[in-house]
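Remarks on the structure that follows.
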Amino acid sequence: MPSSDSVDLVRAWIASARRVVVLTGAGISTESGIPDFRGPQGVWTTNPAAEAQSTLQTYLADAMVRRAAWRSRMAHPTWTARPNRGHLALVELERRDKLHALITQNIDELHQMAGNSRERIVEVHGTVRRVMCWRCGQRSPMQEALERVRAGEEDPACRTCGGILKSDTISFGQALVPEVIDRAMKAAGEADLLLAVGSTLQVYPVAGVVPLAKDAGARVVIMNDQPTAMDSFADALMCGPIGELLPAVCAE
Ligand SMILES: [Zn+2]
């Protein structure tokens, strides 16, 4: 656990900051029951096959992979997850008019459910709560597609054009959306404090917001339960339960 000194210090930095940019990763949602990917109990650490199933080319080419993907989407822990104390702390940060942008690597929409405004949120890896057609580009709610799976369709196709549907997330082998990444980078360059929470900061280009903000003069605070790839840029490192630390530093 960090000393109360570091909590007091970071709380004071946030109090004097005007444009806090927060970057969140899977670690903020584990308390809500959504497993992370690269942590010790993570999905890819314990089941390497899950990583292969998340590859775009395999998904588009292989109907068996898609059927397996639809079955696992049915059981996705996101459908029953609720925002936790960490998410709520970031709503408090927005209420205090400190939150310039909330960049998230998560696809669970728990920030929106907690109450952060959509226009502040930058979802760099998309959302699992929508599907996208790979032929016509149409987007629709995931729950509609899951209803069709429950009704017996093993691999529901786009109702408009018959194309392949996939969750509207960034799979392995899939390009990021340039406009979204640009938005994240621009916000990081405008920050006076960057708070990275629950991410190992290994995935580029998103992890690049840390050195970018640092170069632009922002203080950098990294909160994670294990070392990250960007610890050398941090003005403060906080290691401990996010559900306790984040409310402590975001409180007025
Ligand atoms: Zn379509």
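The values are calculated or read from the model by the stated rules, or taken from the named source; none is laboratory data. Just so it is clear, the model here is predicted, and its values are computed rather than measured. Note that we place each Cβ from the backbone using ideal geometry, even for glycine, and neighbour counts take in every protein chain shown.
Computed quantities for the displayed model
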{"item": "Contacts under 6 angstrom Cβ, first residue in region 125-150 being closer than 17 Å to T78 by Cα, partner away from the ligand (no atom under 16 Å from the Cβ) and charged (D, E, K, R), 6 or more apart", "result": "T127/E109; R129/E109; M142/R129"}
{"item": "Residues of region 223-252 satisfying the condition of being within 12 Å of V197 (Cβ to Cβ) and among the acidic types (D, E)", "result": "D225"}
{"item": "From the options I34, I121, residue that is modelled with pLDDT of 95 or more and among the hydrophobic types (A, V, I, L, M, F, W, C)", "result": "I121"}
{"item": "Total residues in region 196-252, condition within 20 Å of D182 (Cα to Cα) and small (G, A, S)", "result": "8"}
{"item": "Boolean, A61 is away from the ligand (no atom under 16 Å from the Cβ) and surrounded by fewer than 18 Cβ atoms within 10 Å (Cβ to Cβ)", "result": "yes"}
{"item": "Enumerated helices (runs of 4 or more DSSP H) restricted to region 173-252, each holding at least 1 residues that are in contact (Cβ under 8 Å) with a residue 40 or more places away in the chain and of a type in the set (D, E, K, R)", "result": "178-190, 242-250"}
{"item": "Helices (runs of 4 or more DSSP H) contained entirely in region 78-172, each with at least 2 residues that are within 16 Å of the ligand (Cβ to nearest atom) and crowded, with 19+ Cβ neighbours inside 10 Å", "result": "142-150"}
